[in-house]
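First the structure, in the form of structure tokens, and then the observations on it.
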Amino acid sequence: MKKFFSVKDVASVSEIVKEAMELKANPNTLESLGKYKTLGLVFLNPSLRTRLSTQKAAMNLGMNVMVMNMDKDGWALETQDGVVMNGTTVEHIREAAAVMGEYCDILGLRSFPKLKNRDEDYSEDLFNKFIEYCGVPVVSLESATRHPLQSLTDIITISEYKVTEKPKVVLAWAPHVKALPQAVPNSFSEWMCQAQVEGLVDFTIAHPEGYQLSEEFTEGAKISNDLDQSLKNADFVYVKNWSSYEEYGEVYPVIENWLIDNEKLALTNDAKVMHCLPVRRDLELSAEVLDGPNSLVIKEAGNRVWAAQVVLKRMLESLE
Ligand SMILES: CCC[C@H](NC(C)=O)C(=O)O
Ligand SMILES: NC(=O)OP(=O)(O)O
């Protein structure tokens, strides 16, 4: 595995889930696979779970880890080609990525979208240049349009906790006060659509008018603007806010109640509730649900280690 950027980088969702669960059951069986190998984690945005879980996964495989907060500790990056760098940027991504590839055997990159220009964000220009110039395998720590480690975690968690062969999974838009990326829902949706093809889930997306995701990520999903109807018979509810794709980066006031609370949960088949975190309590998801027996959010976050570990394992195996 040279790149972990989207669901297209795995041949089978069920296979990688099975491999991850084997690592969860025996976390240290491959403790020398990564000996003398270095993982570099490059963040252009904040992180708790991705930062800590990916380091832990690397340590489980015997790797050394270096973490770089480019937004705080690095030089101001130029990502455009053919420009005279006489403004505020100090280093071109061509050199920065290539140098990091000199120090690290595998690199991870987090770079959120700017949410200003859709074509620019959805081109994944920065990510593609980083992959091209660094010269080593790259794992996405969340890009402008996807968060594959989170989505692999989410299907691992659903597989671990499901009590029927093909649970009804609902991606439910949630209210927020800021414009958030579409990366997490895009990624969750593309992984669930593939899981649905493999017979693992039955997938529905529920969002208000004006919040439809790009069709690139939703092929095969049932899509509804009616939350209550979508929640009927749901076995898993994945709660997440995202800003408008159509009116890119916009946040519209939504009249109806889209906050999942115990009353909404009562419409489901006693569904487990998931969220990638961080979550704004009683804005995005009610505290009574977060603190209640149906919440999986902490166990879900714990599974980030096994998602990262199976990806790093496959990348290390491709180095040999
Ligand atoms: C893992 C989630 C990261 C980010 N969340 C925020 C709050 O910016 C997002 O919504 O994409
Ligand atoms: N879910 C997730 O990726 O969390 P962080 O942004 O804290 O890494």
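The values are calculated or read from the model by the stated rules, or taken from the named source; none is laboratory data. Everything quoted here is computed from the prediction, not taken from an experiment. Every residue, glycine among them, receives a Cβ derived from its backbone with ideal geometry; neighbour counts consider all protein chains shown. To get the accessible areas, we keep the full protein, side chains included, count just its heavy atoms, and leave off ligands, DNA and RNA. Shrake-Rupley method; radii C 1.70, N 1.55, O 1.52, S 1.80 Å.
Magnitude of the Cβ-charge dipole of the chain, K/R +1 and D/E -1, about the Cα centre, nearest 20 debye? Before the final figure, lay out each step's value.
On the way: 33 positive and 47 negative charges, 191 e Å.
Using Cβ point charges on Lys, Arg, Asp and Glu, the chain gives about 920 debye.
Which value, in debye to the nearest 20, describes the size of the charge dipole of the stretch 180-284 about its Cα centre when Lys and Arg Cβ atoms bear +1, Asp and Glu Cβ atoms bear -1, and nothing else is charged? Can you show the working numbers first?
Details: 7 positive and 19 negative charges, 76 e Å.
Computed about the Cα centre, the dipole is about 360 debye.
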Which residues among the stretch 172-209 fall inside the zone where the amide N is under 18 Å from a point 7 Å beyond the Cα of Tyr252, along Cα→Cβ? 172-182, 205-209
Angle check, please: helix 93-103 long axis (alpha carbons) against the longest principal axis of the chain (alpha carbons), in degrees 0 to 90, nearest 10. 80
Going by a ≥ b ≥ c, the root eigenvalues of the Cα gyration tensor, does the chain fall in the rounded group (a/c under 1.5), the prolate group (a/b larger than b/c) or the oblate group? oblate
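Multiply the residue separation of Glu317 and Gln212 by 0.36 nm, subtract the distance between their alpha-carbon atoms, and state the gained length in nm to one decimal. Mind showing how you got there, number by number?
Details: separation 105, 0.36 × 105 = 37.80 nm, distance 3.86 nm.
Gain on extension, Glu317 to Gln212, equals 33.9 nm.
About the Cα centre of the stretch 33-183, how large is the charge dipole given +1 on each Lys and Arg Cβ and -1 on each Asp and Glu Cβ? Please answer in debye to the nearest 20. Can you show the working numbers first?
Values: 17 positive and 18 negative charges, 149 e Å.
So the magnitude is around 720 debye.
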For the stretch 1-72 and the stretch 141-168, what is the separation of their Cα centres, given in Å? 16
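Restrict the search to the stretch 183-226; then list the GluC sites (Glu not before Pro) that DSSP places in a loop and that have at most 11 other Cβ atoms within 10 Å of their Cβ.
Glu209
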How far apart, in nm, are two points set 7 Å out from the Cα along the Cα-to-Cβ line at Ser14 and at Arg281? 4.0
Sequence of Val310, Val99 from largest to smallest accessible area, 1.4 Å probe: Val99, Val310
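In percent, what relative contact order does the stretch 216-320 have, based on Cα pairs under 8 Å that are 6 or more apart in sequence?
Result for the stretch 216-320 is 26 percent.
For Leu231, what charge total do you get from the other residues with a beta carbon under 12 Å from its beta carbon, if Lys and Arg give +1 and Asp and Glu give -1?
Numbers: positive: Lys168, Lys232, Lys264; negative: Asp226, Asp228, Asp235, Asp261, Glu263, Asp270.
Once positives and negatives cancel, what remains is -3.
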Filtering trypsin sites (Lys or Arg not before Pro) in the stretch 31-129 by DSSP loop and by at most 15 other Cβ atoms within 10 Å leaves Lys35, Lys114, Lys116
Nearest-ten-degree value, helix 13-25 long axis tilted from longest Cα axis of the chain: 80
Give me the distance between the Cα centres of the stretch 73-99 and the stretch 243-284, rounded to whole Å. 38
Of Glu288, Glu263, which has the most accessible area and how do the rest follow, probe 1.4 Å? Glu263, Glu288
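Using the beta-carbon distance between Arg94 and Glu120 and R0 = 25 Å, what value does 1/(1 + (r/R0)^6) give for FRET efficiency, to the nearest 0.05?
Working: r = 18 Å, r/R0 = 0.74.
Efficiency at R0 = 25 Å is approximately 0.85.
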Val311: accessible area at probe 1.4 Å, nearest 10 Å²? 0
Residue of Ala98, Ala307, Ala144 that the Gaussian network model of the chain assigns the largest fluctuation, springs spanning Cα pairs under 10 Å: Ala98
Of the options Trp191, Leu290, Ala234, report the single residue whose Cα projects farthest towards the positive end of the charge dipole of the stretch 187-320 (beta-carbon charges: Lys, Arg +1; Asp, Glu -1). Leu290
Taking Cα pairs under 8 Å and at least six residues apart, what relative contact order does the stretch 16-166 come out at, in percent? 23
